[in-house]
1. Please enumerate the residues belonging to region 63-90 that are outside any helix (DSSP H, G or I) and in contact (Cβ under 8 Å) with a residue 12 or more places away in the chain.
2. Going through region 43-53 one residue at a time, which ones are within 14 Å of LYS68 (Cα to Cα) and surrounded by fewer than 22 Cβ atoms within 10 Å (Cβ to Cβ)?
3. If you scan region 37-85, which residues turn out to be in the same structural domain as ILE107 (by TED's automatic domain parsing), of a type in the set (A, V, I, L, M, F, W, C) and touching a Lys or Arg at 6+ places or on another chain (Cβ under 8 Å)?
4. Taking helices (runs of 4 or more DSSP H) that fall entirely within region 1-56, which contain at least 3 residues that are under 12 Å from the mean Cα position of the chain (by Cα)?
5. If you scan region 91-101, which residues turn out to be more than 23 Å from ASP51 (Cβ to Cβ) and either touching a Leu at 6+ places or on another chain (Cβ under 9 Å) or touching a residue at least 12 places away in the same chain (Cβ under 8 Å) (or both)?
Amino acid sequence: MNFFNEGNKYYNLKEYEKAIEFYKTAIDNNENTACSYYNSGVCYIKTKDFDKAIEMIKTALSMQQESKYYFNLAYCYAMKEDVKKALIYFNIAWSLDSSDTDCEKAINLIMAKNKKWDISN
């Protein structure tokens, strides 16, 4: 059985808890390890467990650096209202893929929302 593909199947069915179980088994079996951590992180985003999502995505990033990994890490920090970290990770994502207009939009949205934002916070 390909546990990673099973995880994807349950993710597509929006059964995120079940998908996480399969991704964790995929990790234990060294199947698409970085992607399994990342996909688990995305499932945690869907269930609004941003702390767990951050943990999983950071682990994925330690193995493989992808723009979308940084983007979703930034998204987690934005949801936790950690503006500084959100901006850092959105900018890293954008630097890895300058064609990603969603990064630019996210950065502009955060900056507009936080006009008086002070980097020392």
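1. Hits for region 63-90 are GLN64, GLN65, GLU66, LYS80.
2. If the condition is that a residue be within 14 Å of LYS68 (Cα to Cα) and surrounded by fewer than 22 Cβ atoms within 10 Å (Cβ to Cβ), then ILE45 is the only one that fits.
3. If the condition is that a residue be in the same structural domain as ILE107 (by TED's automatic domain parsing), of a type in the set (A, V, I, L, M, F, W, C) and touching a Lys or Arg at 6+ places or on another chain (Cβ under 8 Å), then LEU73, ALA74, MET79 are the ones that fit.
4. Where helices (runs of 4 or more DSSP H) fall fully within region 1-56 and carry at least 3 residues being under 12 Å from the mean Cα position of the chain (by Cα), they are 33-46.
5. Residues satisfying the conditions are TRP94, LEU96, ASP97, ASP100.
The values are calculated or read from the model by the stated rules, or taken from the named source; none is laboratory data. All values derive from a computational prediction rather than experimental measurement. Cβ sites come from the backbone with ideal geometry, for glycine too, and all protein chains shown count toward neighbours.
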